[in-house]
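Asks: Before I ask anything, here is the structure I am working with.
The values are calculated or read from the model by the stated rules, or taken from the named source; none is laboratory data. Because the structure is a prediction, the values reported are computed rather than measured. Cβ placement follows ideal geometry from the backbone for every residue including glycine, while neighbour counts extend to all protein chains displayed. In case anyone asks, the SASA skips ligands and DNA or RNA and just uses the protein heavy atoms, side chains included. Shrake-Rupley method; radii C 1.70, N 1.55, O 1.52, S 1.80 Å.
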Amino acid sequence: MRVDDGARGGRRDRAPAPRAHPPGRRRAGPAAAVTAGARRFRSARRIPAALTALAVLGAAGVLLYDLAAVRAHRPGMSWRRELTRQLEQYTPADPEVLVGAGVVALAGAVLLVLALTPGLRGILQMRTPESGVRAGLGRKAAGLVLRDRAMEVSGVNSVRVKVGRSRIGVRATSHFRELDEVRADLDAVLAVGIEELGLVHEPGHRVRVHRKG
């Protein structure tokens, strides 16, 4: 679970955990309200940012050295003379130029996507009673919580839970009881369990039950 306090730099006292409520009954009160203006957690993108910074720094260093050499009445670097010769021979319609331009455009598009998308898709936003606090719950943690709840259903032998951003998939095996009864109990238990996770956008769920073996 991830909590981000954007309003104050100091620590906050943790509110007491809410008491359990019977299945099928929805919680009420300020804690159940969706936080206004809730924003997704954004990835720092440290590796792409570091690689881009190193590439820009290296290119700027080479150009600066070449400019200083020319200003000092020394011959320019060989790559600049070769580049000038190549530019004299090729036109924008040549295949080599088009392929190079496509590679550069693709790299730029990837960098733009990384810069504009928030990332951290493995963290789900949680409701918070205070506007200055952001909380998140990892998908794996949410899956473990729902799996434990599903294992409490009578007749369930094993459960696999896959948590997505908009849907939760549950596959369960049953070794006794009718499959329809087990599926109905799982639907009720999971509906309460998803609500108790306190997510801003509660995902739907799909339950599949089959007989063991």
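Asks: Quick one: Leu120 ticks every box in (1) of a type outside the set (Gly, Ala, Ser); (2) touching a strand residue (DSSP E or B) at 6+ places or on another chain (Cβ under 7 Å); (3) within 11 Å of Phe41 (Cα to Cα); (4) not in a strand (DSSP E or B) bar one, so which box is it?
Replies: (2)
Asks: Residues being of a type in the set (A, V, I, L, M, F, W, C), outside any helix (DSSP H, G or I) and farther than 30 Å from Phe41 by Cβ: count how many of those fall in the stretch 168-200.
Replies: Taking the stretch 168-200 as the starting set, the residues that turn out to be of a type in the set (A, V, I, L, M, F, W, C) are 168, 170, 172, 176, 179, 182, 184, 186, 188-192, 194, 197, 199-200.
Next cut, outside any helix (DSSP H, G or I) only: 168, 170, 172, 176, 197, 199-200.
From the residues that got through so far, the ones that are farther than 30 Å from Phe41 by Cβ too are 172, 176.
The total comes to 2.
Asks: Being modelled with pLDDT under 95, at positive phi and surrounded by 14 or more Cβ atoms within 10 Å (Cβ to Cβ) is true for just one of Gly155, Gly193. Which residue is that?
Replies: From the options Gly155, Gly193, the qualifying one is Gly155.
Asks: May I pose another question? Can you name every residue in the stretch 166-190 that is touching a Lys or Arg at 6+ places or on another chain (Cβ under 7 Å), more than 30 Å from Ile123 (Cβ to Cβ) and open to solvent by 60 Å² or more (accessible area, probe 1.4 Å)?
Replies: His175
Asks: Still on this structure, please answer the following. Looking only at the stretch 83-116, which residues are more than 19 Å from Thr52 (Cβ to Cβ), part of a helix (DSSP H, G or I) and open to solvent by 80 Å² or more (accessible area, probe 1.4 Å)?
Replies: Leu83, Arg85, Leu87, Glu88, Gln89, Pro95, Glu96, Leu98, Val99, listed by residue number.
Asks: I've got another one for you. Restricting to the stretch 41-74, name every residue that is open to solvent by less than 50 Å² (accessible area, probe 1.4 Å) and either assigned to a loop (DSSP other than H, G, I, E, B) or touching a residue at least 24 places away in the same chain (Cβ under 8 Å) (or both).
Replies: Phe41, Ser43, Pro48, listed by residue number.
Asks: With (1) closer than 28 Å to His201 by Cα; (2) part of a strand (DSSP E or B); (3) of a type outside the set (A, V, I, L, M, F, W, C) as the list, and Asn157 as the residue in question, which single condition is left unmet?
Replies: Only one criterion is unmet by Asn157, namely (1).
Asks: Let me ask something else about it. Return the pairs, sorted by first residue and then second, in which the second residue is open to solvent by less than 20 Å² (accessible area, probe 1.4 Å) and small (Gly, Ala, Ser), the first residue lies in the stretch 193-208 and is in contact (Cβ under 8 Å) with a residue 40 or more places away in the chain, the beta carbons are less than 6 Å apart, and the residues are 6+ apart or on different chains.
Replies: Once the first residue is in contact (Cβ under 8 Å) with a residue 40 or more places away in the chain and sits in the stretch 193-208, its partners that are open to solvent by less than 20 Å² (accessible area, probe 1.4 Å) and small (Gly, Ala, Ser) give Leu197/Ala142.
Asks: Could you figure out which of (1) in contact with a His (Cβ under 9 Å, 6 or more places away or on another chain); (2) part of a helix (DSSP H, G or I); (3) within 30 Å of Leu51 (Cα to Cα) isn't true of Arg165?
Replies: (2)
Asks: Could you figure out which of (1) of a type in the set (D, E, K, R); (2) assigned to a helix (DSSP H, G or I); (3) out of contact with any helix residue (DSSP H, G or I) (no Cβ under 8 Å at 6 or more places or on another chain) isn't true of Arg149?
Replies: Every condition holds for Arg149 apart from (3).
Asks: Just give me the residues in the stretch 126-146 being part of a helix (DSSP H, G or I) and of a type in the set (D, E, K, R), in sequence order.
Replies: Within the stretch 126-146, Arg139, Lys140 qualify.
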